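Note sheet for the following structure.
The values are calculated or read from the model by the stated rules, or taken from the named source; none is laboratory data. All values derive from a computational prediction rather than experimental measurement. Neighbour counts are summed over all protein chains in view; Cβ atoms, including those assigned to glycine, are modelled from backbone coordinates with ideal geometry.
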Amino acid sequence: MNKNVVIKSLAALTILTSVTGVGTTLVEGVQQTAKAENNVTKVKDTSIFPYTGVVLVNSATGFVVGKNTILTNKHVSKYYKVGDRINAHPNGDKANGGIYSIKKIIDYPGKEDVSVIQVEERAIERGPNGYNFNDNVTPFKYAAGAKAGDRIKVIGYPQPHKNKYILHESTGPVISVEGSSIVYSAHTESGNSGSPVLNSNNELVGIHFASDVKDDDNRNAYGVYFTPEIKKFIAENIDK
């Protein structure tokens, strides 16, 4: 993995507004690593779903949407070319799902910060279930929708070098959904760009791309909400 490429992610530090009980462990397989009001957890085991659906794209995040296909942000994929590598759900030096070569990059033609990356099916470095990408990952399914007040989670690699490539999860409420925009209160950092935004059933609501930089407890995070048009684009560009 080339760790020298720096992703200038738009996703700056944001603070989660908590609506759950103090000290609550939200997901099986994770442990609390931040103040309770932030609802940030460090993932212990990336060999179980939904974590098997997440990939490390050097210094940012992506996730699996179909055969040999991942989704990330345009501002992430622009630093990549055919032949570069992605790493499936690493967790430090544990639970590595394999390393795979990029074979195609397709940016969404609209203004939304969405990019499809197709990878070679056979691993450069095998995962625990062999060399086939699809045997080592789990694609996400779409949610029926989302609305203000729903609980969401963002799973990704915040500041991956600093955090030693450990997968993290944060949760919070949806603030608003309008058009292709979803706003939520969740703790995200540089490196979370391209993270899946999931509902409580681990279904895809959108993709994270940015957060506020203001220094107070009311900072919001921002994602692209998956409209029918965006879903159609993704479906048309899943590897055949």
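Do we have GLY130 as of a type in the set (Gly, Ala, Ser), surrounded by fewer than 15 Cβ atoms within 10 Å (Cβ to Cβ), under 20 Å from LYS231 (Cβ atoms) and in contact with a helix residue (DSSP H, G or I) (Cβ under 8 Å, 6 or more places away or on another chain) here? Walk me through how you get there before you give the answer.
Details: of a type in the set (Gly, Ala, Ser): yes; surrounded by fewer than 15 Cβ atoms within 10 Å (Cβ to Cβ): yes; under 20 Å from LYS231 (Cβ atoms): no; in contact with a helix residue (DSSP H, G or I) (Cβ under 8 Å, 6 or more places away or on another chain): yes.
It is false that GLY130 is of a type in the set (Gly, Ala, Ser), surrounded by fewer than 15 Cβ atoms within 10 Å (Cβ to Cβ), under 20 Å from LYS231 (Cβ atoms) and in contact with a helix residue (DSSP H, G or I) (Cβ under 8 Å, 6 or more places away or on another chain).
For (1) more than 15 Å from the chain's Cα centre (by Cα); (2) over 23 Å from VAL119 (Cα atoms); (3) of a type outside the set (A, V, I, L, M), each residue gets a yes or a no:
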| position | (1), (2), (3) |
| --- | --- |
| GLU178 | yes, yes, yes |
| SER193 | no, no, yes |
| GLY223 | no, yes, yes |
| PHE233 | yes, no, yes |
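Can you tell me how many residues in the range 79-102 are modelled with pLDDT under 95 and either of a type in the set (Ser, Thr, Tyr) or not in a loop (DSSP other than H, G, I, E, B) (or both)?
Adding up the residues that qualify gives 2.
Can you tell me which residue in the range 103-124 is surrounded by the fewest Cβ atoms within 10 Å (Cβ to Cβ), limited to those that are touching a helix residue (DSSP H, G or I) at 6+ places or on another chain (Cβ under 7 Å) and part of a strand (DSSP E or B)? Lay out the reasoning, then the answer.
Narrowing the range 103-124 to residues touching a helix residue (DSSP H, G or I) at 6+ places or on another chain (Cβ under 7 Å): 105, 107-108, 112-117, 119, 121, 123.
When the remaining residues are screened for being part of a strand (DSSP E or B), the result is 105, 107, 115-117, 119, 123.
Working: ILE105: 18, ASP107: 16, SER115: 24, VAL116: 23, ILE117: 27, VAL119: 28, ALA123: 21.
Once the filter is applied, the top-ranked residue is ASP107.
Output yes when any residue across the range 125-137 is on the phi < 0 side of the Ramachandran plot, touching an Asp or Glu at 6+ places or on another chain (Cβ under 8 Å), in a loop (DSSP other than H, G, I, E, B) and not assigned by TED's automatic domain parsing to the domain that holds TYR184, and no when none is. Working first, answer last.
Within the range 125-137, the first condition is being on the phi < 0 side of the Ramachandran plot, and the residues that meet it are 125-129, 131-137.
With touching an Asp or Glu at 6+ places or on another chain (Cβ under 8 Å) added as a condition, the list becomes 127, 129, 132-134.
Adding the requirement that they be in a loop (DSSP other than H, G, I, E, B) leaves 129.
When the remaining residues are screened for being not assigned by TED's automatic domain parsing to the domain that holds TYR184, the result is 129.
Yes, some residue in the range 125-137 is on the phi < 0 side of the Ramachandran plot, touching an Asp or Glu at 6+ places or on another chain (Cβ under 8 Å), in a loop (DSSP other than H, G, I, E, B) and not assigned by TED's automatic domain parsing to the domain that holds TYR184.
Using the structure shown, decide if SER193 is over 19 Å from LYS42 (Cα atoms), in contact with a helix residue (DSSP H, G or I) (Cβ under 7 Å, 6 or more places away or on another chain) and not acidic (Asp, Glu). I'd like the intermediate steps shown before the answer.
Numbers: over 19 Å from LYS42 (Cα atoms): no; in contact with a helix residue (DSSP H, G or I) (Cβ under 7 Å, 6 or more places away or on another chain): yes; not acidic (Asp, Glu): yes.
Taking the combined requirement at face value, the residue does not satisfy it.
For the range 152-179, enumerate the residues that are among the basic types (Lys, Arg) and not in a strand (DSSP E or B). Talk me through it step by step, then tell me what you get.
Kept after step one, since they are among the basic types (Lys, Arg), are these residues of the range 152-179: 153, 162, 164.
Across the range 152-179, the qualifying residues are LYS162, LYS164.
How about the range 138-149: which of its residues are in contact with a strand residue (DSSP E or B) (Cβ under 9 Å, 6 or more places away or on another chain) and assigned to a loop (DSSP other than H, G, I, E, B)?
Applying the first criterion (in contact with a strand residue (DSSP E or B) (Cβ under 9 Å, 6 or more places away or on another chain)) to the range 138-149 yields 138-143, 145-149.
Selection gives THR138, PRO139, PHE140, LYS141, ALA143, GLY145, ALA146, LYS147, ALA148, GLY149.
Please state which of the following conditions ILE182 fails to meet, knowing it meets all the rest: (1) in a strand (DSSP E or B); (2) surrounded by fewer than 22 Cβ atoms within 10 Å (Cβ to Cβ).
(2)
Inspect the range 215-224 for any residue being surrounded by 22 or more Cβ atoms within 10 Å (Cβ to Cβ), over 22 Å from LYS42 (Cα atoms) and assigned by TED's automatic domain parsing to the domain that holds THR41 and give the result as yes or no.
Scanning the range 215-224, I find at least one residue that is surrounded by 22 or more Cβ atoms within 10 Å (Cβ to Cβ), over 22 Å from LYS42 (Cα atoms) and assigned by TED's automatic domain parsing to the domain that holds THR41, so the answer is yes.
Determine whether LEU16 is at pLDDT below 50, assigned to a loop (DSSP other than H, G, I, E, B) and touching a helix residue (DSSP H, G or I) at 6+ places or on another chain (Cβ under 9 Å).
yes
Over 22 Å from ALA235 (Cα atoms) and more than 16 Å from the chain's Cα centre (by Cα) - does that describe any residue in the range 131-143? Spell out how you get there, then give the answer.
From the range 131-143, those over 22 Å from ALA235 (Cα atoms) are 131; that's our starting set.
This time we only want the ones that are more than 16 Å from the chain's Cα centre (by Cα), so: 131.
Among the residues of the range 131-143, at least one is over 22 Å from ALA235 (Cα atoms) and more than 16 Å from the chain's Cα centre (by Cα), which makes the answer yes.
Quickly run through the range 107-129 and pick out the residues that are at pLDDT 95 or above, small (Gly, Ala, Ser) and in contact with a strand residue (DSSP E or B) (Cβ under 9 Å, 6 or more places away or on another chain).
Passing the criteria: SER115, ALA123.
Kindly establish whether GLU125 is without any contact (Cβ under 8 Å) to a residue 40 or more places away in the chain, over 28 Å from LYS44 (Cβ atoms) and more than 17 Å from the chain's Cα centre (by Cα). Full working, then the answer.
Numbers: without any contact (Cβ under 8 Å) to a residue 40 or more places away in the chain: yes; over 28 Å from LYS44 (Cβ atoms): no; more than 17 Å from the chain's Cα centre (by Cα): yes.
The answer is no for GLU125.
Can you name the number of the only condition in (1) in contact (Cβ under 8 Å) with a residue 12 or more places away in the chain; (2) surrounded by fewer than 18 Cβ atoms within 10 Å (Cβ to Cβ) that ASP135 fails?
(1)
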